[in-house]
Amino acid sequence: MAWEQGHQILHKKFENINQEILETEGFLEEEKAKVLLYKFLRENPSFTSELISGISLFPFQHMAIKAMMETDYFLGIWSRGLSKSFTTGIFAAMDAILNQGVYIGIISKSFRQSRMIFNKIEEIAKSPKAAFLSQCITRVSKSNDQWVMEIGRSKIIALPLGDGEKLRGFRFQRMIIDELLLMPEKIINEVILPFLAVVENPTERQKIYDLETKMIAAGKMTEEECHRWPHNKIIGLSSASYKFEYLYKLYQQYENLILNPSKQDNAHRVIMHLSYDCAPRQLYDQNLLDQSKATMSEAQFEREFGSIFTDDSSGYFKVSKMAACTIPDGEGD
């Protein structure tokens, strides 16, 4: 396992809240104590997870949730069975609690798959140790074409993909895409990305921008002191794919923007690429791994468990050629 930091410009002003709390002495007014507690819970996902849900996170889950919280574009290429849905479910619940009013959309190729993360939150909330999480969930509704969980003023909404047309009326600040490798490029570019084009509270943003502009002109503040509004997020989760497929193209785009960012790019991206042998030993059944190795081809095991993007030259017919000769769903007569 390796760590590569990249060269992105961090626009968020990071605070060492743990150090600030350690250095705080004396009596705290209730309002200040609440603010410090809120900041502490945001910066410490493992503590917050155990407090509200009774779940103790593995270190890699802590890193993933922390990255989802702080980044604009998160791409997780994880081995099968590495708790993608479970970890993302904890993130979604924590995000909805800590960022009241946020709308979180969950979609996948099938409605069954998009409901899995939703189901994980419900399962966690049923535990006796998750009393705080259960109390935070104010309403759950389930219809044939959408599931909605309300956490105060926040909403977590699981939707079917279909042909993408039913999704156009929704607006989200967070978009979680499960099984990203199954998502058509056209749907991502023409339907999903526009979800995030509209920001919340635009009127308030304009008022603050106008005020800050006047204060900068008067020499009373600098541009560095301006308020930094949070960006909308896309969280993509998948196992690896063939190199000719769109997922690998997207992976390369993320990698290039992380290692060679442009000065005009204000977004922050993270790739978390994990093979099965990076996971804690307690997470996997060794018999399952042995069975998978025995029944899968080497290339298939590398994609599903090794999280390795493979070429398509191992078969008699190239998969990329067969894919090029296949009519996409909905385009035939």
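A few remarks follow.
- Counted charge near S83, where neighbours are those whose Cβ lies closer than 13 Å (Asp, Glu -1; Lys, Arg +1): +1
- Straight-line cross-link partners of K214 among the aspartates and glutamates, defined as a Cα under 15 Å from its Cα and at least 8 positions apart when in the same chain: E223, E224, E225.
- Result for the chain in a Gaussian network model with C-alpha springs under 10 Å: among L289, L75, L250, the largest mean-square fluctuation is at L289.
- Applying both filters, DSSP loop and at most 16 other Cβ atoms within 10 Å, to the trypsin sites (Lys or Arg not before Pro) of the stretch 107-179 gives K126, R153, R168, R171.
- Using a probe radius of 1.4 angstrom, the carbon and sulfur fraction of the accessible surface of the stretch 204-253 is 53%.
- Each principal axis of the Cα atoms in the stretch 108-260 has its own extent, and those three values, largest first, are 56, 46, 31 angstrom.
- Distance distribution note for the stretch 32-147: the fraction of Cα pairs above 23 angstrom is 28%.
- Among L41, A158, M94 the positive-end extreme of the charge dipole of the chain (Cβ point charges): A158
- Rounded D (µm²/s) - the stretch 270-314, Kirkwood Rh over Cα pairs, Stokes-Einstein at 37 °C, 0.692 mPa s: 285 µm²/s
- Cα gyration tensor shape of the stretch 90-167, rounded if a/c is under 1.5, else prolate or oblate by comparing a/b with b/c: prolate
- The alpha carbon radius of gyration of the stretch 178-260, expressed as a multiple of 2.2 N^0.38 Å, is 1.60.
- Gyration tensor verdict on the stretch 1-65 (Cα atoms; rounded if a/c is under 1.5, prolate if a/b is larger than b/c, oblate otherwise): oblate
- Against the chain, whose longest principal axis is taken from its Cα atoms, helix 202-217 shows a tilt of about 60°.
- The stretch 81-133 and the stretch 238-279 have Cα centres lying 23 Å from one another.
- In straight-distance terms, cross-link reach from K155 covers every one of the aspartates and glutamates whose alpha-carbon lies under 12 Å from its own, apart from those fewer than eight places away in the same chain; here that gives D95.
- Contact order, relative form, for the chain: 23 percent (alpha carbon pairs under 8 Å, 6 or more residues apart, mean separation divided by residue count).
- Only helices enter this figure: runs of n ≥ 4 DSSP H residues, each worth -39500 (n - 2.57), summed and divided by the residues of the chain, yield -12000 deg cm²/dmol at 222 nm to the nearest 500.
- Matching the structure-derived volume of the Cα convex hull per residue in Å³ against the labelled list [x] 190; [y] 155; [z] 177 gives the label [x].
- Cα-based shape type of the stretch 241-282, given that a ≥ b ≥ c are square roots of the gyration tensor eigenvalues and the cut on a/c is 1.5: oblate
- Neighbour cut-off at most 10 other Cβ (10 Å), DSSP loop, chymotrypsin sites (Phe, Trp or Tyr not before Pro), the stretch 16-96: F27
- Given K142/K207; K109/K129; K120/K233, the pairs whose alpha carbons are separated by over 27 Å: K142/K207; K109/K129
- Most mobile of S275, S79, S143 in a GNM of the chain (Cα contacts under 10 Å): S143
- The simple spin-label model puts a point 7 Å past each Cα toward its Cβ; for W229 and D145 those points are separated by 3.1 nm.
- Taking L283, L237, L98 in turn, the Gaussian network model of the chain (Cα-Cα springs below 10 Å) assigns the largest fluctuation to L283.
The values are calculated or read from the model by the stated rules, or taken from the named source; none is laboratory data. Model, not experiment: these values are computed from the prediction. Because the Cβ atoms are built from the backbone with ideal geometry, glycine has one as well, and the counts that use them run over all protein chains shown. Surface accessibility is based on the protein's heavy atoms, side chains included, excluding ligands, DNA and RNA. Shrake-Rupley method; radii C 1.70, N 1.55, O 1.52, S 1.80 Å.
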